[in-house]
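The values are calculated or read from the model by the stated rules, or taken from the named source; none is laboratory data. Computed from a predicted model, the values in this text were never measured in an experiment. Note: ideal-geometry Cβ built from the backbone for every residue, glycine included; neighbour counts use all protein chains shown. These accessible areas exclude ligands, DNA and RNA; they are computed on the full protein's heavy atoms, side chains included. Shrake-Rupley method; radii C 1.70, N 1.55, O 1.52, S 1.80 Å.
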Amino acid sequence: MSRGAIVIEAAGSTDVGKVRAGNEDSLLVDLDLGLYGVFDGMGGAKAGEVASQTARDAVLAYVTANADQLPPMDLVENSLLHACAAVFDAARADRSLHGMGTTAVVCFVPEVHRPRSAVIAHVGDSRAYLWRQGRMSQLTRDHTIVAELLSRGMISVEDAENHPYKNVLSRNLGAKFEAAVDVVAIDLRAGDRLLLCSDGLFGFASNEGIQYLLGSGDAAADVARDLIELALRGGGGDNITTLVIEAGAAPASNTQVVRTTGAASWWQEQPRFVAAARAQGLGRSPLCRGLPPEEAIELVAGSFCEALFHDLEKSTGVNVWTFAQNLGAGWLDHGGDWSVLRAVLDTLHAAAVEVVDAIRVEERRLASLLDIAVARALIVAELAVGNLLADRLRGVERELVFLHAVAAAAEPHGESGRLPFSDDPTIPFLRSKRGVSTVGLDGGLDGGLDGEEGTTARAVREVLTIARAAVPSDALLVQRSIAALEAIAVHGEDPPAVIAEARELYGMRTLDDVGLQPLFEALERVRLLFTAAVHQTRHPEATKARALRLVSTCHQRLVATVTGLLLDAVAPATERLRDAQRTTAQLRAELERLERRRAELERAALGPGAFAPVAPHGEDTVPVVWDTPPPEDPR
Amino acid sequence: MSELVERVAVLRDEVLDVSGVGASDACAEIFEAVLSALTLGTESIAGIDVTVQDSVARRLAWGDSESQLLADAEWLFDRLLIACERAFRDHDDQMVVIEAATGVSVMLSRALARHAVARAARDRASRLREEMAQRQLLDAVDKQAQRIAERERELAERAGEARDGDGLTER
């Protein structure tokens, strides 16, 4: 219904919930009068239902009769007092209804007021909320014992949550002949939404959920129904009643524009998108091989266009993600190359840009929003494909580790006792060219050793424990180095374990002083720590010496392997320089050959005996050609 | 300590395996660094560091590779520990030598690593210069090829004109 400049729309819904047998809530929606209300009745048998309906009828009758005679705030307050008396009288008149009562929250939006205002009155714990520009605020304060105690600072919020009288009302309509009514008036703005509801909603649905639905931009009737659905999903332990009052349409947000106009515009441009993808050479992509070109283009470009349309509609990225995952998985499963996939994504991007540019001609703002939405969708697609690659990389690593284990089982110790490489996951994926000779005790520290070796193993463990305890908690690199040292001591007879530990320790460090200095400082610190720790133990000197020798050897292997990895990592720089030098030399030779050839031609052009200078290397000087022999030197 | 240094110095031939591989100046450098560490004490990091840096610089100047140096250090480390365990009854002496050898090993590795990354940085810079030179050379090659083509065309035209002037045009 139209109310001056602001069009008021309202819709309500009520549901018995999942636990109660009957619905004791009542709903009042009178668009002509501008009167709305929610009533939550209480009392045995059918008393609650009677109470809420009696109050509703009384309020409606009173406001209808007195709307033109009283100021809105007095009108609404008096209507509730009138309703209170009506319920009280009804309970006194019928013994079976004795003790019945009802809550009430009533909203009156008078037609005559400019600008539009709303008067809200309530008794009990039915609530009114205002949603304005993305934020929701509660307009009413519950009339419960606990809320009263809380407002007086007599209990804490935590106590209130668990209070035995949490749901006991301090006020209602019908328990007494009169009740204190709270009244509040607010000015309405375009886009505001008011929600009146019974405790069956906010008792079983989160504030965030309620706020999200109020701000969804859907029609009031849909929101009212969705709110009930929300409470039902939250348990539906009570009757649920919701009433949504919408004060005109708010200016559409960017999200809404993209979801509605943007999505529609995009879908209208589908033929243009497919044509652009075709023009960009999508049909020639190896990814489309094996299918007729048109079908392949429709399959890739058409599906992407449709996925993006659905994502625009819902402000999600699920459809584009699924599209990219399916496309990428299919291609990679058939041994496809990553670069082809990359090129297809670029093609789709270029086609999307073309479509958005076409939209920009007529709707500049919309195109700007679509620019962002399309960029976001393509990032989602790239993430999906990246995710696929990461999965495959992990799979390859697992297979390599498995193959390595099989090879190790077949030939546990080859001629040299060294295995070709280790493939524990790490970054960078360096493979040491340098072998590692075995260290430590046979069977390692965990080998269940007896006698001298067992004593040494225990001493080593003690040394490493003391060293670890001396490391500050923030010295992560030192801690990590000690852990690596311990792992090497435990698996000392397994060279790949040493390489794996060194590689993990080196990690993602840069190949420069900044990368290596902290690491070597940490390794030196570890050396000092375990040396000191050896002297702190109470073992005999011989055991200490053996323990120090073992730990020192492990440390030496660790440091040397780290250094070896680093040497391997920087080696390509030298190789690439040599390649570049070879290429330069070839180019110089080629240039010299061409210069000679050009000189020959110049001589041929001038005839026998002519003089044609050759341009120096790399200079584009035009050779001087004399028609006559060069002048003689006057000297 | 000086007595211990002398006793370790006595082990030189055994550690360097002179009877097996002959006098090796290469590994001797590292052995000298360990002796310096024993002389200076492992607390004098700066002194040992300079000694180790000298050893590394000399070996690399001789043309040895960093990997070779690293392998030599590990070989010497293992042999020194074995020799000490055999030669020294006093476990404290053994531990002092192990500490010195480990300290030298860390320093040598660090020196090698720093040298390697510095070399890599130099190589990267040199490669950049090479690539810039290649771009210039490619330009020059293109231009020369273009001029050659022009000159060949001119010569061909001139030859045609000469044939026309002599009345030798084919009929």
Plugging the Cβ-Cβ distance of A:Gln268 and A:Ala589 into 1/(1 + (r/R0)^6) at R0 = 51 Å yields, to the nearest 0.05, a FRET efficiency of 0.25
Cα-Cα pairs in the protein assembly as shown separated by more than 39 Å, as a whole percent of all pairs, come to 68
If every Lys and Arg gets +1 and every Asp and Glu gets -1 at its Cβ, then about the Cα centre the stretch A:215-371 yields a dipole, in debye to the nearest 20, of 300
Computed about the Cα centre, the charge dipole of the protein assembly as shown from +1 Lys/Arg and -1 Asp/Glu charges at the Cβ has a magnitude in debye, to the nearest 20, of 560
A student applying the Cα gyration tensor rule (rounded when a/c is under 1.5; otherwise prolate if a/b is larger than b/c, oblate if not) would label the stretch A:83-161 oblate
If unit charges are put on Cβ atoms (+1 for Lys and Arg, -1 for Asp and Glu) and the dipole of chain B is taken about its Cα centre, the option from B:Val52, B:Leu138, B:Ala120 lying farthest towards the positive end turns out to be B:Leu138
Looking only at lysines whose Cα falls under 28 Å of A:Lys166's and that sit 8 or more positions away or on another chain, we get A:Lys18, A:Lys46, A:Lys176
Sorted by accessible surface (1.4 Å probe, heavy atoms of the protein chains only), largest first, B:Glu74, A:Glu363 come out as A:Glu363, B:Glu74
Each residue of A:583-590 has, on average, a number of other protein chain C-beta atoms within 10 Å of its C-beta equal to 4
The answer for chain A, counting only DSSP H helices whose Cα atoms cover 24 angstrom or more along the axis and whose Kyte-Doolittle average is -1.0 or greater, is A:47-66, A:72-93, A:338-362, A:364-410, A:451-469, A:513-536, A:541-606
Taking a ≥ b ≥ c as the square roots of the eigenvalues of the Cα gyration tensor, with a/c under 1.5 meaning rounded and otherwise prolate when a/b exceeds b/c and oblate if not, the stretch B:87-135 is prolate
Here the FRET efficiency for B:Arg89 versus B:Asp64, based on Cβ atoms and R0 = 25 Å and rounded to 0.05, is 0.10
Hits for chain B under the membrane-span-like helix rule (DSSP H, Cα axial span at least 30 Å, Kyte-Doolittle mean at least -1.0) are B:66-87, B:91-165
So, for the Cα atoms of the stretch A:3-251, Rg and Dmax in Å stand at 17.2, 54
For chain A, averaging the sequence separation of alpha carbon pairs under 8 Å that lie six or more residues apart and dividing by its residue count, the contact order in percent is 10
Within 10 Å of the Cβ of an average residue in A:545-553, the count of other chain Cβ atoms is 6
Here, A:Ser315 and B:Glu3, labelled 7 Å along Cα→Cβ, have an inter-label distance in nm of 8.6
Of A:582-595, A:366-379, ordering from highest average Cβ density within 10 Å down gives A:366-379, A:582-595
Sorted list, accessible surface of protein heavy atoms, 1.4 Å probe, largest first, for A:Arg596, A:Arg603 is A:Arg596, A:Arg603
Looks like chain B, by Cα gyration tensor root eigenvalues a ≥ b ≥ c and the a/c under 1.5 rounded cutoff (else prolate when a/b is bigger than b/c, oblate otherwise), is prolate
With R₀ set to 60 angstrom, the calculated FRET efficiency between the beta-carbons of A:Gln138 and A:Glu575, to the nearest 0.05, is 0.25
So the B/A interface buries, both sides summed and with a 1.4 Å probe, an accessible area in Å² (nearest 100) of 5000
Projected onto the charge dipole of chain A (unit charges on the beta-carbon of Lys, Arg, Asp and Glu, signs +1, +1, -1, -1), the Cα from A:His163, A:Ser117, A:Thr531 with the largest positive-side position is that of A:Thr531
Rounded to the nearest whole number, the Stokes-Einstein translational diffusion coefficient of the stretch A:267-378 at 20 °C and 1.002 mPa s (Kirkwood radius, C-alpha pairs) in µm²/s is 151
Ordering A:Tyr212, A:Tyr129, A:Tyr165 by the accessible surface of their heavy atoms, 1.4 Å probe, largest first, yields A:Tyr212, A:Tyr165, A:Tyr129
Dipole check, the stretch A:439-586, charges on Cβ (K,R +1; D,E -1), about Cα centroid: among A:Ala459, A:Phe520, A:Ala484 the Cα furthest to the positive pole belongs to A:Phe520
Note on chain B: contact order normalised by length, alpha-carbon pairs under 8 Å, 6 or more apart, percent, works out to 22
Neighbours of A:Gly209 by Cβ distance under 11 Å: Lys/Arg at +1, Asp/Glu at -1, summed charge -2
The extension gain from A:Ala605 to A:Ala221, computed as 0.36 nm times the residue separation minus the Cα-Cα distance, is 128.9 nm
Expected max-MSF residue from B:Glu131, B:Glu14, B:Glu29 in the GNM of chain B (alpha carbon, under 10 Å) is B:Glu131
Sorted on mean Cβ neighbours within 10 Å (highest first), peptides B:30-36, B:153-159, A:185-191 come out as B:30-36, A:185-191, B:153-159
For peptide B:144-154, the mean count of other chain Cβ atoms within 10 Å per residue Cβ is 5
Taking 0.36 nm per residue of separation between A:Asp337 and A:Arg458 and subtracting their Cα-Cα distance, the length gained on full extension comes to 38.3 nm
